[in-house]
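Q: Before we start, here is the structure in question, set down as structure tokens.
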Amino acid sequence: MSTTEPFDGRIETPAEPWDDLDAAPLRAQELPVANAIVPKSSIAGRSLTAVVAIMTFLAALTAGAVMMVVGAANDWRSDIGREVTIQVRPVTGRDIDADVRKAVEITRAAPGIADVRVYTKEESARLVQPWLGNGLNLNELPIPRMIVVRLWSGMPPDFAALRKTLAAQVPSASLDDHRRWIDRMRNMAEAAAAGGLGILALVVAVTVLSVTFATRGAMATNRPIVEVLHYVGATDGFVASQFQRHFLALGFKGGAIGGGAAIILFGVLQASNAWFAGTPGGDQFEAMFGSFSIGVSGYLAILGQIVLMALVTALTSRHTVNRTLQTID
């Protein structure tokens, strides 16, 4: 026997799809996330990073080399500028030893002279052996006697007056203040600095061109997205800032790789120079090219170049995007 339940006054209606909205509200984390206008990882982006890294590495090498050349030239100039030399040539009818003693006496009496050292005949002969070789009878050759004069620091003597006195009392003596060599080394340092600036300008120009082409490629690839954003009210500054941030990151990454490699290279060279210090080859190499140390200023210059390359990359990208957006109606 069947039984029926009593009617409670409620009427059931079929469920609708929207009835579950209150029971299961939408969650923010379930919403699709919008992609960036410029892909963060692409073949073009990796290529541009490699180009920036190479350009930064070359610029850092150039800056370090210029600083080492300028530093070595300044050291040479400082060493040469602290000394002058007097040559007393043998002249028929004159006693060269007496001329040497007279030249030393005149030089010691001049102001600004710290020390006077006379090379013996044997020492003077050894100076020409690299050109004449060994085994020659140098007694028969008119080899001049050398007098090395060391100057007081910051108190240069009157070379014109000293030359005049030597010419009057010791006609066979000649004074060389090495001014010609100092001027040549100054010109060499200035030429090295100018060449370094020229190479840095070329590196920046190549970077600008590379970033320009990469930005135009990214704009062409994402042109539909850019046009939609432009039409729905996105300002040119907003779109340009997206590209600028993207290329700033690429530029800084490439600059850090190239600049870091240059810093490691200079550190290895400096350590190698310290390792071989005291050996004949190491001493000769240090005398020619310095200690391969670019100092704190050199490393700061490399860090500055990393920042410069990142800024050049970002600003070039923004300028290119702004010019491209002007063509979108």
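Q: Given the conditions (1) in contact (Cβ under 8 Å) with a residue 40 or more places away in the chain; (2) not assigned by TED's automatic domain parsing to the domain that holds Val51, report the number of the one that Ala160 does not fulfil.
A: Against the list (1) in contact (Cβ under 8 Å) with a residue 40 or more places away in the chain; (2) not assigned by TED's automatic domain parsing to the domain that holds Val51, Ala160 comes up short only on (1).
Q: Given (1) out of contact with any helix residue (DSSP H, G or I) (no Cβ under 6 Å at 6 or more places or on another chain); (2) outside any loop (DSSP other than H, G, I, E, B); (3) modelled with pLDDT under 85; (4) surrounded by 10 or more Cβ atoms within 10 Å (Cβ to Cβ), identify the lone condition not met by Ala36.
A: Unmet condition: (2).
Q: In the range 64-73, is there at least one residue being under 30 Å from Ala161 (Cβ atoms), in the same structural domain as Ile264 (by TED's automatic domain parsing) and either of a type in the set (A, V, I, L, M) or modelled with pLDDT under 85 (or both)? Lay out the reasoning, then the answer.
A: Going residue by residue through the range 64-73, those that are under 30 Å from Ala161 (Cβ atoms) are 73.
Those still in the list that are in the same structural domain as Ile264 (by TED's automatic domain parsing) too: 73.
Restricting the remaining residues to those that are either of a type in the set (A, V, I, L, M) or modelled with pLDDT under 85 (or both) gives 73.
Checked against the condition, which is being under 30 Å from Ala161 (Cβ atoms), in the same structural domain as Ile264 (by TED's automatic domain parsing) and either of a type in the set (A, V, I, L, M) or modelled with pLDDT under 85 (or both), the range 64-73 yields at least one hit.
Q: Please enumerate the residues belonging to the range 229-251 that are closer than 14 Å to Leu315 by Cβ and touching a helix residue (DSSP H, G or I) at 6+ places or on another chain (Cβ under 6 Å).
A: Ala240, Phe243, Gln244, Phe247, Leu248, Leu250, Gly251
Q: Are any residues in the range 52-64 more than 10 Å from Leu200 (Cα to Cα) and either basic (Lys, Arg) or buried (at least 19 other Cβ atoms within 10 Å of the Cβ) (or both), and if so, which ones?
A: Within the range 52-64, Val52, Ala53, Phe57, Gly64 qualify.
Q: For the range 189-204, which residues satisfy the criterion of being surrounded by fewer than 16 Cβ atoms within 10 Å (Cβ to Cβ) and either in contact (Cβ under 8 Å) with a residue 40 or more places away in the chain or not in a helix (DSSP H, G or I) (or both)?
A: Selection gives Ala193, Gly195.
Q: Would you please name the residue that is nearest to Met68 (Cα to Cα), looking only at residues in the range 150-177 that are buried (at least 17 other Cβ atoms within 10 Å of the Cβ) and of a type outside the set (A, V, I, L, M)?
A: That would be Asp177.
Q: Another question about this same structure. Just checking, does the range 197-208 include any residue being of a type outside the set (A, V, I, L, M, F, W, C) and either under 30 Å from Val148 (Cβ atoms) or under 26 Å from the mean Cα position of the chain (by Cα) (or both)?
A: Yes: one or more hits.
Q: Same structure, new question: Could you give me the residue pairs with C-beta distances under 8 Å whose first residue belongs to the range 90-108 and is under 23 Å from Arg150 (Cβ atoms), whose second residue is small (Gly, Ala, Ser) and surrounded by 14 or more Cβ atoms within 10 Å (Cβ to Cβ) wherever it lies, and which are 6+ apart or on separate chains?
A: Close Cβ pairs (under 8 Å, with a partner that is small (Gly, Ala, Ser) and surrounded by 14 or more Cβ atoms within 10 Å (Cβ to Cβ)) amount to Ile96/Ser172; Asp99/Ser172; Asp99/Ala173; Ala103/Ala173.
Q: Related question: Please determine, by comparing only the residues of the range 114-133 that are more than 11 Å from Ile147 (Cβ to Cβ) and of a type in the set (A, V, I, L, M), which one is modelled with the highest pLDDT.
A: In this case the residue turns out to be Ala114.
Q: Which strands (runs of 3 or more DSSP E) does the range 52-154 wholly contain that include 2 or more residues that are in contact with a strand residue (DSSP E or B) (Cβ under 8 Å, 6 or more places away or on another chain) and charged (D, E, K, R)?
A: Numbers: elements: 83-88, 113-118, 145-151.
Where strands (runs of 3 or more DSSP E) fall fully within the range 52-154 and carry at least 2 residues being in contact with a strand residue (DSSP E or B) (Cβ under 8 Å, 6 or more places away or on another chain) and charged (D, E, K, R), they are 113-118, 145-151.
Q: Out of (1) within 30 Å of Val70 (Cα to Cα); (2) surrounded by fewer than 20 Cβ atoms within 10 Å (Cβ to Cβ); (3) polar (S, T, N, Q), the odd one out for Thr207 is which?
A: (2)
The values are calculated or read from the model by the stated rules, or taken from the named source; none is laboratory data. Given the structure is predicted, the values throughout are model-derived calculations rather than measurements. Note that we place each Cβ from the backbone using ideal geometry, even for glycine, and neighbour counts take in every protein chain shown.
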